[in-house]
Structures are given as C-alpha cells and as structure tokens.
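Taking it in order: structure first as structure tokens, then the write-up.
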Amino acid sequence: MITIIRDARGEIRYFVLASKEAGYIISLHKGRILSHYHFGAAFTPCAAGPVPLAPPQGFGVAEERGDTSYSLHRLAQEYPWGLGGDFRSPAFAAETPRGAPCMELAYRRHRITRSWPDLDGLPLPDPESGEEVETLELDLEDPVTGLSVTLLYTPFPTGGAFLRAARFSNGGTEPLIIRRALSFSLDLPLRGPGLEVLATEGGWARERVLERRPLGRGRLEFGSRRGVSGHGGSPALLLAEAGSGEDSGEVIGATLLYSGDWIMAVERAEDETVRFQGGLHPELFAWHLLPGETFASPAALLAHSTVGLGGISEVFHRAARRLMPASWRDRERPVLLNSWEACYFDYDEKRLLELARGAKELGAELFVLDDGWFGRRDNDCSSLGDWRANPRKIPGGLGTLADKVRALGLGFGLWIEPEAVSPDSDLFRTHPDWALALPGREPAEGRNQFILDLSRPEVAAFIENAVRSVLAEAKPDYVKWDMNRPFSRSGGVSMQGELRHRYLLALYGILRRITRDHPETLFEGCAGGGGRMDFGMIPFFPQFWASDNTDAAFRASIQHASSLLFPPAALGAHISASPNHQTGRHASLASRALCAFGGSLGLELDPERMSKEDQRKTREFVERYKARRALIQFGKQRRLLSPYEGGDAAFASVAQDRSRAFAVWLRLRALPNPAPVALRIPGLEDRAVYRVSTQDIGGFQPFEATGSELSSRGILFAPPLGEDPAAASFDIERLSA
Ligand code: DGJ
C-alpha cells in the first residue's frame, strides 16, 4: 500500500509504503529534498511529524546559502549525489562529455502506477500472476545537465519487502555518461546495541562462506567483478541488530535481481549513521545516455524482519517463490540422477541406459545427461558451441535417447552451456570474432573456453536458435544451464563500459523467451556449481546447482548460508559417492543423504559402483524423501544449528499449517563420548501435541510433546555412534490441536 501524507497547508510531508508488517517512509523537505525517514516495522507518521534534524556541525557544509537548517552530510537521503557537502559515497555519478558533473537532484513530481516498474527487460516478478501491485515513482532532476532520475518503489506482495530501482533519463541536449547507477541507498540510524554485517565470500566448490562481523567505522564493500554474480555469493548483504538470533532481533537485508558485476556496501559515518547501498559495480561500467534516452538500474529487494535471521529468511523465501516462473512456484521437483560424477565424459548410449536403469532402481524420477554429449567432446577442451549430438556416443540422436530413457519410466534432462565456445570448435573456427575480447587483443581461456559476446545481436540469435533446436529435438523435462568461467579481458574501459550489462540484457531476453515457451521444463541454473545463483536468475531458473561440493561436511555450510536467501525448493542437493570426488573424504551414507534432504533431492551416483547394501539404503532414503517432499520443498525451512558455530548442523522444515515438521541433524566433527543433543524446533503450534519419532537412532523411544515444549526444551537424544559423520532425522506429527 502506498499513501501520501500532507501537512496542514496541503504540502507533501511523507510518502508511506507498507508491505504487510514492513514499512518504508520517505519525507520531503522544503518541497525539494527527499529525506529517508524510516525502514522497519510499518507505521503511519503524523502530518506534523519531526523536521529532519541535520544542521551542519563543525566542519560541515550548509548546502544552500542562507539556510543552516541542514547539511547533506547529516541528512538521511534517498539517492545521494556526490560533489556536494555529503562526503559519504553517492548513489550515482554521471557527467557530460566535457566532464561537467550531474548533481543537485531535486524532487519534481511523483506518480503511483498499478504495475511493476518498467526496467527495460531486467528481471522482475512475472506480471501475469494477477495480484495488485503499486509502484511509487519519484522524479528528481538536475537543473543544469538535464539528467533526471526516477526512483521506483514497489511494496512486494508477499510481505516484508520492497523492490527499489532507479531510472535515468537524459532530458538535456548533450550526451551524458553514467558511471555509477546504484539500485538503492539507505541512510539508517545506528540503533540499540549496534549492527552486525552478514556477508558471504568463497570460490568454486567452497561457495558462500558466511562471515558475521560487527559493523565498525568506515566503509565495508562486497561485490563481484567477474561478469557473473560469483561463487562468493549472491549480490546480497544482511545487517542484523547485534546479538540477533534465528528468532530474535531486527534484521534488514538486501539482494539484487541481477546476475553480473555488483556491489553491496555499508558505511558507518562519523555521526553514527549507516549508509547501506547496492547495485551495479561501478568500476567496469560506463553507460552513454543520449538526449531522450533512458537507462534502468537492476531492481533491489529490501527486506525487513523483527524476528531475527529466521524471519528475514522467510521474507526472502516468500519473495523468491513469487519470482519463480508460475509453473514451478508450487510444483514438487523430481528426484533426479545426474550422469556427471558417474561417468564424466566417458560414456556411450549403452552406458547411459544402464545408468538410467540404475537410477530408476534407486527411485529417481528423472535422468540427466550432463556434459559430453555433443560435438567431439571427450574432455573439457573442445566442442562448446557445436550443439549437435555426437553420433559415436548417441547414434540415434537426442530425441531417440530421450525416448529410450522415457520408456524406462523416467523423465529426461539435459546439460547445456550455450554462452560458451571452445577454441577447438566448428563455431569458433567459423566465427573467431564472436568470443568476448578487448579490441586488438586476444581473448584468454578459462576452463579451456571463451565466452560468446551476447551483446552482439547475431551472436545472441545464434545462441537462442541453438538452444531452441536442442529443446525441439530432445524435448527435455529438465535443462541444466551451465556457465563455466568468469569474464576477463572485457569491459572496464569506456568503449566496453556497457558490454557486461548489455550481455546480461541479451541473456535475460533469451532466457525469458525460452522459458516462457517451455513452462513445463524445469530449468536449473548452474555456473560451475553456485557461481551465478542470484535473484536475477530465479525468474528463469527456479532451481540452482548450489555447488559441485557434495561433501556433507562442507555442503552443510553452503546450504546453511544459501538458506539465508533461497528456499529449499530452489536448491539442488545431491547424494554423491564416498570418497567424495571433490574432497576425497569418506562419509556415511546417512550424512550424505540427510544433508541432501535440505533441498531438492538428486543423486550424483553410479549404482554399478555401489554395494547392494548401499543401493538398498539409498533407495530407502529416496523413498523417505519422496514421502516428505512437499514438506521439505515448500515448508518453512528453519536453521536450528549453525555449522559455523560448532561441529553440528541442523535444519527443519515446518509445514505452513504447522501440522508437521521434519528435522535433520548432522555431526560434522566426530566426538567421542558425546553429550546428549537438544534440538529445538521453532514454529510449531504452542499448545498442540506432536509425536516425535526417528528412523535413524536405534533405541530412540518415540514420544509426545507440545509445540512449546519442542521449541523450548527441544528433542533430547543421544547421538548415534559408529558412523562418521553421524546423522539423524526426526518426524514431528501433530496429534491434536
Ligand atoms: C560444472 C557443473 O557444476 C558440474 O555439475 C558439471 O555440470 C560440469 N560443469 C560439466 O562440465
């Protein structure tokens, strides 16, 4: 809901936005200056509310001659500009070709529309879902250069969150160059006990290492200059009231609906205010805006919760579900078996069909043919771009293979990496200039491949057609869309300052058209594991391959950090072989399986290399998963124990109607003579009685307890011994209300 509050003279005082329990309020000062008023729990301010308290102090600057009521440095702003008396980082920077800066943005007018904002094809929720949305548009103008910036705010219909973006228009007579165009900037008071910053960093197979640190003075910046959002994590940052837990404390968070270079920054200023910003990474970006043209920033999703990290995750999970394509938002994901770790590039049709038969035996519902099926690809050195099945491996072609797999009672899935080209490929030999490179320089190889320059329409058209013909031939039920290298030697100089963003605009266009035309196909996003797992991709990829690292001892922390933003249905999680292919570690089957119960289950196994006993147990785990699939994938997922804070990880799914829950516990560091574990299950009905049982701990006596007992005393159990990692799961069923 959006309301406008005026003072006794009819002048606008506040723009008030509410997204269920969360509120966002902007005040207008002197009819021209937008000042940030509040982001937190929703309320309606009084028309005669306080005037911003911001007189210049000491060395401060009064922005307007003769008015010492405010200095920009002390004013909480909505979209700060540089070169004035505000010495914190600006939200944007633009200039004329002669170097005259755009600045002094002043409020001019506003509109409220009944639609999502128009962001030139950047990711947004699918508008066809029919719910009512409103967008507040605030026009700001620089009187000298003619730049206008429209700030866009949409209360997110799933609650607790707001979309923010900025649209730049050149209303002047000279071209403008935009050098910085952040999606949001928030000036917040440093309340209560101070703030802690939660951010992730990482790399391939060690994605999303979570760090929590107190917010000290100065500026702390995170980001990616890799052209993709990166293995370090999504473009996101959380700010939590110091000491916040899973169920307590105020938390705000932001993430971008964007998949390329990004920054998120937080700056604690001298007057103890906090500037929180995020958007396109400005370093390799420069956009030329001719008179009459517009440019839209990616959308940011700003989320708020008063009930801790669990609360903010719930806000993000609801928003992520809303962002998914409608056909997959509420649809259970199939259990799949992926061929990658079973046979890598080394297979023929006979081997694939044996694997598919084995997959069926283990209870899988879909067989995925991963890398290696096209061109002459027998290793990762060739053939990307030559998207025709290799007749030696798949003599009848993809359609025939898919039919044979379907005849086994399985769905058919296929891997593809359409954005890449191998130097050793017919495509590259024909179009060597299609690879991304700086003018006059050779491209550099990453995983023996180049990236295709999607900013060129003919290259984008080739990719779209190539994918369409593969889909037409194989009619897959599932597609794994991979992307296996970061950008290099591209962007960063003014002549290529638009390239990476144009690449993404083209990619989003291709993905939008293809996924709309194939609503029944489940597209899973992958970039060497979780290298491009962000809210910008969710409208096309309702599921991601979170990491190539399936070693439960590490995977648990990847899933823990991922779950801050992503709901379990969006995370592919596979049971893989022991010893693990990435770490060499031996792990119990129970830990590998139950860890994978934290997302959408898959298998990365070769049944032929498994003992009969492991096959039987795996089949049992798959059936157990299926019996709880709706609960696991669409229940409220709660983190119970953090692998960052001790040797154990635990998580639970609580049914939306609180009638049941399912909890998983993993002991990642073995302990001799272990003490009993208490696993507290939040989110149940306080007074309802639940029955607690487990299939994983011999001698455990099922018992009954109320919801409040389970959330305070918890489930007390003696950890099972003899398997490393030890693991157990618990079913919690409501008996009475
Ligand atoms: C990287 C992915 O993360 C793997 O699962 C696999 O698909 C390989 N690419 C194939 O090249």
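The values are calculated or read from the model by the stated rules, or taken from the named source; none is laboratory data. Everything numeric here is computed off the predicted structure, so don't read it as measured data. Note that we place each Cβ from the backbone using ideal geometry, even for glycine, and neighbour counts take in every protein chain shown. Surface accessibility is based on the protein's heavy atoms, side chains included, excluding ligands, DNA and RNA. Shrake-Rupley method; radii C 1.70, N 1.55, O 1.52, S 1.80 Å.
Of all the residues in the range 121-157, those that are more than 25 Å from L28 (Cβ to Cβ) and either assigned to a strand (DSSP E or B) or in contact with a Pro (Cβ under 9 Å, 6 or more places away or on another chain) (or both) number 9. Of the strands (runs of 3 or more DSSP E) contained entirely in the range 227-338, those carrying at least 3 residues that are crowded, with 19+ Cβ neighbours inside 10 Å and at pLDDT 95 or above fall at 236-241, 251-256, 262-268, 273-280, 300-305, 336-338. From G202, G172, which residue is within 21 Å of the chain's Cα centre (by Cα) and either modelled with pLDDT of 95 or more or outside any strand (DSSP E or B) (or both)? One residue alone meets the criteria, G202. Restricting attention to the range 460-507 and to residues that are within 16 Å of the ligand (Cβ to nearest atom) and farther than 22 Å from L522 by Cα, the residue that is most open to solvent (accessible area, probe 1.4 Å) turns out to be P486. Looking at the range 307-316, is at least one residue farther than 22 Å from W481 by Cα, in the same structural domain as D247 (by TED's automatic domain parsing) and either touching a helix residue (DSSP H, G or I) at 6+ places or on another chain (Cβ under 7 Å) or among the aromatic types (F, W, Y) (or both)? Yes, the range 307-316 contains a residue that is farther than 22 Å from W481 by Cα, in the same structural domain as D247 (by TED's automatic domain parsing) and either touching a helix residue (DSSP H, G or I) at 6+ places or on another chain (Cβ under 7 Å) or among the aromatic types (F, W, Y) (or both).
Of all residues in the range 345-358, how many are among the hydrophobic types (A, V, I, L, M, F, W, C) and within 16 Å of the ligand (Cβ to nearest atom)? Within the range 345-358, residues that are among the hydrophobic types (A, V, I, L, M, F, W, C) and within 16 Å of the ligand (Cβ to nearest atom) number 3.
Taken together, F450, F428 contain a single residue that is at pLDDT 95 or above and assigned to a helix (DSSP H, G or I), which is F428. Against the test of being at positive phi and open to solvent by 60 Å² or more (accessible area, probe 1.4 Å), the options G440, G409, G385 yield a single qualifying residue, G440. Scanning the range 680-711 for residues being more than 15 Å from A663 (Cβ to Cβ) and either in contact with a Leu (Cβ under 7 Å, 6 or more places away or on another chain) or open to solvent by less than 60 Å² (accessible area, probe 1.4 Å) (or both) gives a total of 6.
Could you check, for the range 64-81, whether at least one of its residues is without any contact (Cβ under 8 Å) to a residue 12 or more places away in the chain and either assigned to a loop (DSSP other than H, G, I, E, B) or β-branched (V, I, T) (or both)? Yes - at least one qualifying residue is present in the range 64-81. Of all residues in the range 159-194, exactly one satisfies the criterion of being in contact with a Lys or Arg (Cβ under 8 Å, 6 or more places away or on another chain) and among the aromatic types (F, W, Y), namely F184.
Among all positions in the range 677-693, there is no residue which is in a helix (DSSP H, G or I) and outside the structural domain of A561 (by TED's automatic domain parsing). Could you tell me how many of the residues in the range 82-120 are part of a loop (DSSP other than H, G, I, E, B), among the basic types (K, R) and within 29 Å of P56 (Cβ to Cβ)? Selection size over the range 82-120: 1. Looking at Q615, Q656, Q582, just one residue is surrounded by fewer than 24 Cβ atoms within 10 Å (Cβ to Cβ), out of contact with any Ser or Thr (no Cβ under 8 Å at 6 or more places or on another chain) and over 26 Å from I732 (Cβ atoms), and that residue is Q615. Selection over the range 523-575 of residues that are within 16 Å of the ligand (Cβ to nearest atom), open to solvent by 10 Å² or more (accessible area, probe 1.4 Å) and under 20 Å from A663 (Cβ atoms) gives a count of 1.
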